[in-house]
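What follows is a set of notes on a single structure, which appears directly below.
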Amino acid sequence: MKTALRIVTWLIGAPVILFGGLLLATTVIGYFLGGPREPPAGMPWEEFKAWTDSGRWFWESLLQAVACLAIPLLAIWGVNRWTGK
């Protein structure tokens, strides 16, 4: 049962970790390329300009990427610690 719990935790956490890694990479690459070019769906142009000019887009995306990496890794660590591995 403990092994199954560890496997399920990895199966759930691995795609989120991969998404977080890709988001982190695209955020850093986007930062060096000058930021986003088009507003997200439903965002007015004026708000988009303020969002990109302030650099808030970078910090929001970076925070989401770190969360997508840290939370599943903490869950995996916690399950491994709880199950005694």
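No lab work stands behind these numbers, since they all come straight from the coordinates. Only a predicted model underlies this, so the values are computations on that prediction, with no experimental measurement involved. Note that we place each Cβ from the backbone using ideal geometry, even for glycine, and neighbour counts take in every protein chain shown.
Pairs linking a residue in region 3-23 that is closer than 13 Å to GLY78 by Cα to a residue that is in a helix (DSSP H, G or I) and among the polar types (S, T, N, Q), with Cβ atoms under 9 Å and 6 or more positions apart or on different chains, are LEU5/THR83; ARG6/ASN80; ARG6/THR83; THR9/ASN80.
Any residue in region 20-37 that is under 30 Å from THR83 (Cβ atoms), among the aromatic types (Phe, Trp, Tyr), assigned to a helix (DSSP H, G or I) and out of contact with any strand residue (DSSP E or B) (no Cβ under 7 Å at 6 or more places or on another chain)? Within region 20-37 (the criterion being under 30 Å from THR83 (Cβ atoms), among the aromatic types (Phe, Trp, Tyr), assigned to a helix (DSSP H, G or I) and out of contact with any strand residue (DSSP E or B) (no Cβ under 7 Å at 6 or more places or on another chain)), the answer is no, since none of the residues qualifies.
Can you tell me which residue within region 16-44, out of those that are aromatic (Phe, Trp, Tyr) and surrounded by 13 or more Cβ atoms within 10 Å (Cβ to Cβ), is nearest to the chain's Cα centre (by Cα)? The selected residue is PHE19.
I'm trying to understand the selection: among the residues of region 43-85, which are within 30 Å of THR3 (Cα to Cα) and not in a helix (DSSP H, G or I)? Break it down into steps so the answer makes sense when it comes.
Within region 43-85, the first condition is being within 30 Å of THR3 (Cα to Cα), and the residues that meet it are 64-85.
Of everything in region 43-85, those that are within 30 Å of THR3 (Cα to Cα) and not in a helix (DSSP H, G or I) turn out to be GLY84, LYS85.
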